[in-house]
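The values are calculated or read from the model by the stated rules, or taken from the named source; none is laboratory data. A quick note: this is a predicted structure, and the numbers were derived from the prediction, not measured. Positions of Cβ are backbone-derived with ideal geometry, glycine not excepted, and every protein chain shown enters the neighbour counts. For accessibility, only protein heavy atoms count, side chains too; no ligands or nucleic acids. Shrake-Rupley method; radii C 1.70, N 1.55, O 1.52, S 1.80 Å.
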Amino acid sequence: MTKLFRRGILLPAFVALALTGLAGCAMDDEDDVRARVGDWVTLGDTSYFKSTMDCTAGVFAVEGTRITSLIAKARSVATGMTLLKDGTAVAFDVKGLSPNAVSEQIMSKDLPQGLGVLSSGIAGKNCMSDPVKDAYLRALLDPDSVLMFDPDGNVMAVLDRSNATLYYARGTV
């Protein structure tokens, strides 16, 4: 068999097989993501989903914009940060603050905690198409949107109430 490797007959086949196996590796499975965030809001259809070894991004229609009682709701950044420190998943439903403004306040008050939130959102963006990135950015800047973060797995989601859409983002942190 080593003669076949030296001759270059089997080596390319093994390399191709290994690369095919790596290409199939994904950080998240769509059904698992839907199950996780489906506990937070009532999901409709998936309009976009991509997961690689380094990031995951999903876009889901929501049936109504009510946040369930299965995720803690914080009406202030300070309350949400306390819940996050306890390892609790939080929906930052802070009146007048966009998800971007919430993450900025978290960063200014607790840099390591803020970096965890920010890293997930940025890394997840790497799995988004350009149109999804544009819509995601608009949702991040909308004060009617809600930032959701689960420190268990560094999962970030943004509920875009204006467009009845949930954006899911996660990356290696």
Summing +1 per Lys or Arg and -1 per Asp or Glu among the other residues with Cβ less than 15 Å from Phe49's Cβ gives 0
Give me the percent of accessible area attributable to carbon and sulfur for the stretch 30-171, probe 1.4 angstrom. 49
Show me 141-149, 127-135, 49-57 ranked by packing, highest mean number of other Cβ atoms within 10 Å first. 141-149, 49-57, 127-135
Ser129 paired with Thr42, simple spin-label distance in nm, labels 7 Å along Cα-to-beta-carbon: 2.8
On full extension of the chain, what length is gained from Asp31 through Glu63, given 0.36 nm per residue of separation minus the C-alpha to C-alpha distance? 9.8 nm
Highest average packing first - 157-170, 84-97, Cβ atoms within 10 Å: 157-170, 84-97
Towards the positive end of the charge dipole of the stretch 30-171, with charges on Cβ (+1 Lys, Arg; -1 Asp, Glu), say which of Leu137, Pro151, Ser108 has the farthest Cα. Ser108
